[in-house]
Each structure stands twice: as C-alpha cells, then as structure tokens.
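For reference, the structure discussed in these notes is given below.
The values are calculated or read from the model by the stated rules, or taken from the named source; none is laboratory data. Fair warning: this is a prediction, and the values are worked out from it, not measured in the lab. No Cβ is skipped: glycine too gets one built from the backbone with ideal geometry, and neighbour counts run over all protein chains shown.
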Amino acid sequence: MSDPTRLGLAEARAALRTKSLSAVELAKAHLSAIEKARGLNAYVVECPEKALAMARESDARLGRGEARPLEGLPIGVKDLYATEGVHTQACSHILDGFRPKYESTVTSQLWRDGAVMLGKLNMDEFAMGSSNETSFYGPVASPWLPPNRDAEWARAALSGDKKGLLVPGGSSGGSASAVAAHLCLAATASDTGGSIRQPAAFTGTVGIKPTYGRCSRWGMVAFASSLDQAGPIARSVRDCAIMLGSMAGYDPRDATSHDAPVPDYEAAVGKSIRGMKIGIPREYRIDGMPAEIENLWERGIAWLRAAGAEIVDISLPHTKTALPAYYIVAPAEASSNLARYDGVRYGLRAPGKDIREMYENTRRAGFGAEVRRRVLIGTYVLSAGYYDAYYVRAQKIRTLIKRDFEQAYASGIDAILTPATPSAAFGIGEKTSADPIEMYLNDIFTVTVNMAGLPGVAVPGGLSGDGLPLGLQIIGRPFDEETLFSIAEVIEQAAGRTALPQPWWT
Ligand code: GLN
C-alpha cells in the first residue's frame, strides 16, 4: 500500500481485516509522519514503543481472527486524558512530570477495543482557549496554509515563532491539526464550550460533542465539570461514529455518566433524513455575520431540504446571554477544580519559606496567563459579596437557555442547524491582544450547547473565499447522537469531503 496514513479510519479497518495491511505497518507509517511533522507541534509526546507493542498485539489478534472494533487503528490522545505511566499535563506547567497511575475510562475503552496509542496531543492549557495558543508547549500550527502564502514561507514560519500561520482552533488544537495532517486516524478531544467543534470547523474535519453524560469524565483533567464532555475528531462522519461507539458508555466512577446502552452509531450513518424537521434559530443570525458564513448556512439548509427534511424557523430567545453566562459558570467551576494544584500532591513545586508561600510560588510559576485570568474571575464571582449577582444569575440564565431548547424540541423538531463558528481560522498571534473577549467570541455558536448539555456535531460545509474550511453545526436532542450522524452524513455527501492539505511541512 502506497501511504496508509491517507486512509480513513473505516478504510484502514477494512484493510487490516483483509490483511492487505498490518497494524505494525500502519503504526510505523503514522510514527514516521509524526516525526516529519514535528514543526506543527501537534504532539507533545510521541509513544513509538507503546504504539508498536500495541500494534503487534493487534496483528496477533487479527491473525487469530479475533479482531476487536478498533483493532490496530492508530489514534492520538489529547493531553487532558490520564494515560497510565505517560505524560498527562493538560499542557500546563503546573502538572510538570505528572505520570498517572491510572488510565481514563475513555482511553481504556479505546485500548480495550484494540486501538493503538500514538502519543499525547497538544491543547490549550487546561482546555482554556480557542486557538491552542495558551499551551505551555507552545502554539500548534494548522496544516492549512494561510491565504496567499506558499509552502516555502510556511516552512520558514514553522521553524520560527509560527506567527502568521493559521491556528487549528482550540482547545483541542493538537487533535484537530493531527487529524487534518494525517498524523493519526482519529483523536480524542474534549468540549467545554466548543473545543471539539470549533477546531474541527477550522481544520476541515468532523468533531462531535456528545450529550453531557454520554462519555465518562473519569480520568479527564477537569476544567468545568458541569460542561466538560469527551468526544472524537476524525476525517469523516463515519469515522467519528466508530470512535464514539468505543468512547461512550456508562461508568459507575462518574456520577454524572448516563446509564444506558451505547447505540450502534455507525448504523445511523447513511440513514435517510426524509421527513425530519430541522430548526433554524433566528437568534443565530448575529450582527455583522460575514456573508460567507451566511452563505454556508444557506447551503446547508438547501442540502437538508434536498434530502427531504423540512426546514422550520425556530426561536431560542436567550441565545445572546449564553456567552456571558458561560464565561461566569466555566471560570467559577475552573477556579474550584484548579484549587487542587497546590504543589503538595502532584506536579510542580516551587519552594517557599512556609506552606503559604510555597502555594503562591507554585501557582504563580505553574499557571499561564489565561488560566490565571479564569481563576481570578471564578474566585471573584463565587466570593460572598458577588455570588448572587454573578454566579447565581448565570445559573438562572443557564436554566433559561436549556428551556429554550426544550421548547424548540417540544414543537417537534428533530435537530437544529447553525454555523459552527463565526469565521474561518485566523492567524497565530492575531487575537492574543489585550482584549480576551475577541477570543471568547469564537464560542458564540457552540457554548449554548454545553450550557444545555446537548449533543452537537461540526461537519465541513465547504471553503471560504480564501479557500479555508468552514463548518456547520447540528445540535440534537439529549442522547440522540444517532440523528446527528445521519444529518451530518447528508451534509458530508453534499459538500463532499474536504480535500485536506498535502504535506508541505516535512
Ligand atoms: N474556548 C472556550 C474556553 O476557552 C471553550 C473551551 C473548551 O471547550 N474547552 O473556555
């Protein structure tokens, strides 16, 4: 086989089963692609020995005809997931040297199903960010070339400070970049306010944030526990469905995990959507929305209509309050979750003359600027004098947002179609100005979904005028990921799979 990294996950699965390819060959091809792509900075840790050992076990099982669902398929893991004995730092300095003694539920289910672990993927520190620029390990470059730049310019930028190259989105930027650059067949990611869907949209890949509770959060480094959810990024809708089938499931170790069997998500891919009702929320037509995002949305509507769906206007009146409320709830939970990083139990310790000074020195040295900002905001909105004015208010808004969706679904719609992001990818260094709100606005179409705990998928819907990927988002009813896969497949078929960039970075 010429270059097995060009295969999709489902195609590689078939090639392994017919023995036209071995798991070791497939792992080696990926490991060598990863090595040549180090400039992108998508991986923070490579695990060649582990990968080859797992691939050999897969080959043995394939030889005995005992193939498991993901047998021999190499994947990358976001640095947020605890992986036994392997660097797990959520790309923060404060977890310096942390090697967990346990494996997260989601990753252990992937290995149970025969997947091969390639390494740990870069991300925004503690998953706080929309561009993968807050990582302690430096920014990740998108494999997409910036408009009007050639490969030679980009290679030079890659070995420098990467300014002007495109961001892959965040916080799962390493996952999205690695998937788009064919450095893994699929990757785990996580989504608190858009961190699976926005990077997928920016890189021409597919990402699904399942319903809150669908995947176990056990062994995932916590950001905002009531919003965090695991999910995959892959190069096709089918590949995402296959991944989610292994990642999802009840886990008694996560009290918020949903106790219900995991449906056959792959069977939903290719199902007709004829007769489905798709809602178009009028409040998502935000002021100043670029014409090409408007056009993308119109295209999506036309594709679904052509596939036999009925398009209905709906109203989600509290949409515009979601972003400010999210940026109170998420930092509040983060400030509480991050209190555990005190230099005592794990990771970094910066000594001081007494314990208090040790705490302060450790946290000062260990947290980056964005994380510090969130801890400050969170502590402020939870403090005695402001709790009611900010935190309680934001929680009330959250209830109203949830109610908006419930009312829309009660009117009989099956899903909702919106753009995934308000723009195509921007440049590294372009939005890291003094005003963090500019970055936060990236989440305008995605945070409502986390606030309501609903499933949402981002799927490529074509290219911008500058030739960059744009994504559509489909939002579903609770625990109805299957409908999302059916609708997303219709869009993928209509839009055509995005032709991902050819390697210029080697
Ligand atoms: N960009 C959002 C934030 O910074 C969402 C991040 C995420 O989903 N993890 O909070």
Quiz prompt | Every residue from the range 55-95 that is among the charged types (D, E, K, R), surrounded by fewer than 23 Cβ atoms within 10 Å (Cβ to Cβ) and either touching a Lys or Arg at 6+ places or on another chain (Cβ under 9 Å) or at pLDDT below 95 (or both) | solution = Arg61, Arg68, Glu71, Glu84
Exercise. Determine whether the range 141-153 contains at least one residue that is basic (Lys, Arg) and assigned to a helix (DSSP H, G or I).
Key: no
Exercise. Looking only at the range 242-254, decide whether some residue is touching a strand residue (DSSP E or B) at 6+ places or on another chain (Cβ under 7 Å) and within 16 Å of the ligand (Cβ to nearest atom).
Key: no
Quiz item: Counting only residues that are within 16 Å of the ligand (Cβ to nearest atom) and among the polar types (S, T, N, Q), which one in the range 150-176 is surrounded by the most Cβ atoms within 10 Å (Cβ to Cβ)?
Solution: Ser175
Quiz item: In this structure, does Gly114 turn out to be in contact with a Leu (Cβ under 8 Å, 6 or more places away or on another chain), assigned to a loop (DSSP other than H, G, I, E, B) and surrounded by 18 or more Cβ atoms within 10 Å (Cβ to Cβ)?
Solution: yes
Quiz prompt | Hits in the range 87-127 - residues which are of a type in the set (Val, Ile, Thr), under 19 Å from the mean Cα position of the chain (by Cα) and more than 15 Å from Arg253 (Cβ to Cβ) | solution = Thr88
Practice problem: Under 6 Å between Cβ atoms, at least 6 apart or on separate chains: pull out the pairs that start in the range 325-339 with a residue that is among the polar types (S, T, N, Q) and end on any residue that is surrounded by fewer than 23 Cβ atoms within 10 Å (Cβ to Cβ). | Solution: Ser335/Val375; Ser335/Thr379; Asn337/Ala222
Self-check item: From the options Leu500, Leu417, Leu470, residue that is hydrophobic (A, V, I, L, M, F, W, C), touching a helix residue (DSSP H, G or I) at 6+ places or on another chain (Cβ under 6 Å), crowded, with 19+ Cβ neighbours inside 10 Å and modelled with pLDDT under 95
Solution: Leu500
Practice problem: Return yes or no: is Phe479 touching a strand residue (DSSP E or B) at 6+ places or on another chain (Cβ under 8 Å) and among the aromatic types (Phe, Trp, Tyr)? | Solution: no
Self-check item: Conditions (1) over 26 Å from Asp404 (Cα atoms); (2) in contact with a helix residue (DSSP H, G or I) (Cβ under 6 Å, 6 or more places away or on another chain); (3) within 16 Å of the ligand (Cβ to nearest atom); number of the one not met by Trp218
Solution: (3)
Exercise. Among the numbered conditions (1) hydroxyl-bearing (Ser, Thr, Tyr); (2) crowded, with 24+ Cβ neighbours inside 10 Å; (3) within 14 Å of the ligand (Cβ to nearest atom), tell me where Ser226 comes up short.
Key: (2)
Exercise. For Thr432, indicate whether it is touching a Lys or Arg at 6+ places or on another chain (Cβ under 8 Å) and either within 30 Å of Leu165 (Cβ to Cβ) or crowded, with 16+ Cβ neighbours inside 10 Å (or both).
Key: no
Quiz item: Could you give every pair whose Cβ atoms fall below 7 Å, whose first residue belongs to the range 397-419 and is more than 21 Å from Ile444 (Cβ to Cβ), and whose second residue is polar (S, T, N, Q), counting only separations of at least 6 or pairs across chains?
Solution: Asp414/Thr483
Quiz prompt | Single residue of Gly97, Gly114 found to be in contact (Cβ under 8 Å) with a residue 24 or more places away in the chain, farther than 30 Å from Tyr359 by Cβ and small (Gly, Ala, Ser) | solution = Gly114
Self-check item: Set Ala181, Ala201, Ala141, Ala186: member being of a type in the set (A, V, I, L, M), within 16 Å of the ligand (Cβ to nearest atom) and at pLDDT 95 or above
Solution: Ala201
Quiz item: What helices (runs of 4 or more DSSP H) completely inside the range 362-455 contain at least 1 residues that are closer than 28 Å to Asn41 by Cβ and within 14 Å of the ligand (Cβ to nearest atom)?
Solution: 369-382, 437-440, 447-452
Quiz item: For the range 208-229, what are the residues that are among the small types (Gly, Ala, Ser) and closer than 11 Å to Thr192 by Cβ?
Solution: Ala222, Ala224, Ser225, Ser226
